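Here is the structure we will look at, set down as structure tokens.
The values are calculated or read from the model by the stated rules, or taken from the named source; none is laboratory data. Being a predicted model, the structure only gives us computed values, none of them experimental. Here the Cβ positions follow ideal geometry from the backbone for every residue, glycine too, while neighbour counts run over all protein chains shown. Calculation scope for accessible area: heavy atoms of the full protein, side chains included, ligands and nucleic acids excluded. Shrake-Rupley method; radii C 1.70, N 1.55, O 1.52, S 1.80 Å.
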Amino acid sequence: MASSTLTSKSFLDSSRIDTASLSSAHLRKLSFSSVQISSRSRLPKKLQINAAGSTFGNNFRVTTFGESHGGGVGCIIDGCPPRIPLSESDMQFDLDRRRPGQSRITTPRKETDTCKISSGVSEGQTTGTPIHVFVPNTDQRGFDYNEMSVAYRPSHADATYDMKYGVRSVQGGGRSSARETIGRVAAGAVAKKILKLYAGTEILAYVSQVHKVVLPEGVVNHDSLSLDQIESNIVRCPDPEYAEKMIAAIDAVRVKGDSVGGVVTCIVRNAPRGLGSPVFDKLEAELAKAAMSLPATKGFEFGSGFSGTFLSGSEHNDEFYTDEHGRIRTRTNRSGGIQGGISNGEIINLRIAFKPTSTIGRKQHTVTRDKKEIELIARGRHDPCVVPRAVPMVEAMVALVLMDQLMAQYSQSYLFPINPDLQEPLTMPRLEAANASV
């Protein structure tokens, strides 16, 4: 809100005039040559920038920090509810799924990615204060990037970081490196645990395409899909036959120093109803922003996606019915579990496209920082295909969105008694009992 003050030396011997007490006639009589108007702007807190693009969420807020070849990476989680059972092991499982060097089709960089919680948890429970998580870098090789300190890698963030900041962290790509996602995955693991405790919500992602190998729709049963199926092979495709084809496709380009892209599909079972807010904070819009903030992402679909454009309204609409428990359901799910920007309780499904890894071991034309055209063979250790390691990253971002939206829904729509004819209660289980079954 802006505050204004009129200053005059010749009007009633007063140096300050309250404009609210003056009529329009009085104002017209003022000599504007002797009147100065000063305005002091007071920006609402909501418009203030936090961490310049490194903070995500409103109620469940996560700020990531660190760079690929610095001392380490991590996150600060603010707004986490208190009295949630939490330890490093809750995060480490997903960090191990994300870490480099886990198979021949990922980057050979060797990192244990062992996390350490240094605040926000006491005697195994969250305290409600900020949670600080840190993961040290232990296998940096900055000398691999000497040539790339002056030459821009094609389709990488090297050039645009220079265009924006006029300076950049050369080793490993700095903040544009996928190592930044360690903080997201750690925070996402916390969100996933709370969602599981609260509503039995399950978030599962898997690889559904590598280059030209596409998993046909309907092969994976989303009602019965399990984490064990996804983790049964190094490419994280739940279908063994297509997993082998995907691995072969990655191997074929890996030995040539090239790369390929792919698609990660993510589903959410038992998502609470009512998440998402019209009109700018629709659930699919929040999910799209979260997914597209991940490195190397190029596309986002949910529900029927672009294929829905080939259907008529009568073919595309999800008809309602009442199930045996008296709940309103849909017979089909082309809406992808979201209607009008709000979750309807059906399975949320979305797909994220990832481009081929930019840094490849093949000669390419580029320019240097002083605008000389050269040929570059990029060095360093990089994934020939990012999608196998992107699976836990996608799960994490989806979890962060749902956790943030759940807290918003509870504070707005469940603060006072609900309408039981239309709304389902959001009841937090007893943590002792819930933790015993997780």
Problem - Close pairs (7 angstrom Cβ cut-off, 6 or more residues apart or separate chains): under 19 Å from G174 (Cα atoms) in segment 356-383, part of a strand (DSSP E or B) and at pLDDT below 90 anywhere - result: T368/A151
Completion exercise
Here the residues within segment 76-109 that are part of a loop (DSSP other than H, G, I, E, B) and either under 12 Å from V121 (Cβ atoms) or of a type in the set (S, T, Y) (or both) are C80, P82, R83, I84, L86, S87, S103, T106, T107
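What residue, of A296, A285, A290, A249, is small (G, A, S), touching a residue at least 24 places away in the same chain (Cβ under 8 Å) and open to solvent by less than 10 Å² (accessible area, probe 1.4 Å)? Reasoning before the result, please.
Numbers: A296 fails: open to solvent by less than 10 Å² (accessible area, probe 1.4 Å); A285 fails: open to solvent by less than 10 Å² (accessible area, probe 1.4 Å); A249 fails: open to solvent by less than 10 Å² (accessible area, probe 1.4 Å).
One residue alone meets the criteria, A290.
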Practice task
Please work out which one of (1) assigned to a loop (DSSP other than H, G, I, E, B); (2) within 17 Å of the chain's Cα centre (by Cα) is the condition N419 fails and give its number.
Solution key: (2)
Exercise for the section: Select from segment 148-161 the residues that are part of a helix (DSSP H, G or I) and open to solvent by 20 Å² or more (accessible area, probe 1.4 Å) and list them in ascending order. Expected result: S149, A159, T160, Y161
Handout entry: Conditions (1) surrounded by fewer than 22 Cβ atoms within 10 Å (Cβ to Cβ); (2) modelled with pLDDT of 95 or more; (3) not in a helix (DSSP H, G or I): number failed by A205
Key = (1)
Practice task
Answer with yes or no whether E324 is closer than 30 Å to V213 by Cβ and either part of a loop (DSSP other than H, G, I, E, B) or modelled with pLDDT of 95 or more (or both).
Solution key: no
Practice task
Could you list all residues from segment 252-272 that are over 24 Å from S358 (Cβ atoms) and open to solvent by less than 60 Å² (accessible area, probe 1.4 Å)?
Solution key: I267, V268, R269, A271, P272
Handout entry: Every residue from segment 64-108 that is more than 29 Å from G257 (Cα to Cα), in contact (Cβ under 8 Å) with a residue 24 or more places away in the chain and hydroxyl-bearing (S, T, Y)
Key = T64, S87
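Conditions (1) of a type in the set (F, W, Y); (2) surrounded by fewer than 20 Cβ atoms within 10 Å (Cβ to Cβ); (3) farther than 11 Å from G72 by Cα, marked per residue:
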site: R104; (1), (2), (3): no, yes, yes
site: T114; (1), (2), (3): no, yes, no
site: G120; (1), (2), (3): no, no, yes
site: E123; (1), (2), (3): no, yes, yes
site: T138; (1), (2), (3): no, yes, no
